[in-house]
Amino acid sequence: MAKKKTKNRDAGTWETKAVQNVNKDAVKNMLMEHIIPAIQEQWPASLPKNIKIQWDNARPHQIPKGQEFIDACHANGFNIEMVYQPAQSPDLNVLNLGLFEVIQSLQYQSFSNNLDDLNKEVTNAYNAFETKVNKYIWLTLQLIMIQILTKQGGNNFQPPHMKKKKLDRLGILPKHIHVSRELVHQVVTYLDTMFIPTTDATGEDAYMEVDAN
């Protein structure tokens, strides 16, 4: 809120200002003051209250500590947990597989001249997002996981497609993707070749990674 009157606006006018330093304190404040209260307010009463918030591995994204934050995550019967996406694995970022990509594509259809316009366009794009697309996103994530297993941890594959919308219209869209037992055995065998058994100082079994190069 503007404290002084200028030629461009009156005192008391709300102004949008960019946060210049998005550090761990700014992230904590966003969680405590906006994200967690919004989740608890809007969460459907019929759904379980065990919730995971996925983070990427940006440096400011550090899980806040302290009793105040813990209490906020467990208020009103909720169990809100912060989890990191797999490091150096952009293909497994479920947000980028769907929600962010759709919102960004819609937002790019118009050009913003200031922060207020940008906020408006992002909000409109978010509201235009079809929630039923979420089930397609989770299936895509499962398909990518299978591709990663097939490539023995590599990412040299094309994004998989299974014509999900068509299958959905026909009423035969699966909820889960089947993983063959043979593939699982192949992956386990491959992992066994990467580690050799050894013994640590306590005499307990341990494993040492083998350099594939």
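Some notes on this structure:
- Just one of the numbered conditions (1) modelled with pLDDT under 85; (2) surrounded by 12 or more Cβ atoms within 10 Å (Cβ to Cβ) is not true of residue 69: (1).
- Candidates 25, 117, 91 - the one that is touching a helix residue (DSSP H, G or I) at 6+ places or on another chain (Cβ under 8 Å) and of a type in the set (Asp, Glu): 91
- None of 36, 80, 103 is under 28 Å from residue 127 (Cβ atoms), free of Cβ contacts under 8 Å to residues at least 40 places away in the same chain, among the aliphatic types (A, V, I, L, M) and not in a loop (DSSP other than H, G, I, E, B) except 103.
- Flag: residue 116 does not match the condition of being within 26 Å of residue 154 (Cβ to Cβ) and assigned to a helix (DSSP H, G or I).
- In this structure, residue 176 does satisfy being surrounded by fewer than 14 Cβ atoms within 10 Å (Cβ to Cβ), within 30 Å of residue 98 (Cα to Cα) and modelled with pLDDT of 85 or more.
- Evaluation of residue 157 against the conditions (1) in contact with a Pro (Cβ under 9 Å, 6 or more places away or on another chain); (2) free of Cβ contacts under 8 Å to residues at least 60 places away in the same chain shows that the sole unmet condition is (1).
- Those residues of the stretch 1-44 which are small (Gly, Ala, Ser) and loosely packed, with under 10 Cβ neighbours inside 10 Å, in sequence order: 18
- Members of the stretch 95-133 that are under 21 Å from residue 15 (Cβ atoms) and among the small types (Gly, Ala, Ser): 112
- Members of the stretch 45-55 that are assigned to a loop (DSSP other than H, G, I, E, B) and either touching a helix residue (DSSP H, G or I) at 6+ places or on another chain (Cβ under 8 Å) or surrounded by 13 or more Cβ atoms within 10 Å (Cβ to Cβ) (or both): 49
- Scanning the stretch 128-159 for residues that are assigned to a loop (DSSP other than H, G, I, E, B) and closer than 14 Å to residue 94 by Cα gives a single hit, 159.
- Residues in the stretch 97-114 that are among the polar types (S, T, N, Q) and in contact with a helix residue (DSSP H, G or I) (Cβ under 7 Å, 6 or more places away or on another chain) were compared, and the one that is surrounded by the most Cβ atoms within 10 Å (Cβ to Cβ) is 107.
- Pairs where the first residue, in the stretch 83-96, is under 22 Å from residue 73 (Cβ atoms) and the second is of a type in the set (Phe, Trp, Tyr) and modelled with pLDDT of 85 or more, C-beta under 9 Å, 6+ apart: 94/138
- Residue in the stretch 87-96 that is surrounded by the fewest Cβ atoms within 10 Å (Cβ to Cβ), counting only those that are assigned to a loop (DSSP other than H, G, I, E, B) and modelled with pLDDT of 80 or more: 89
The values are calculated or read from the model by the stated rules, or taken from the named source; none is laboratory data. A quick note: this is a predicted structure, and the numbers were derived from the prediction, not measured. All Cβ positions, even for glycine, are placed from backbone atoms using ideal geometry, and neighbour counts span all protein chains on display.
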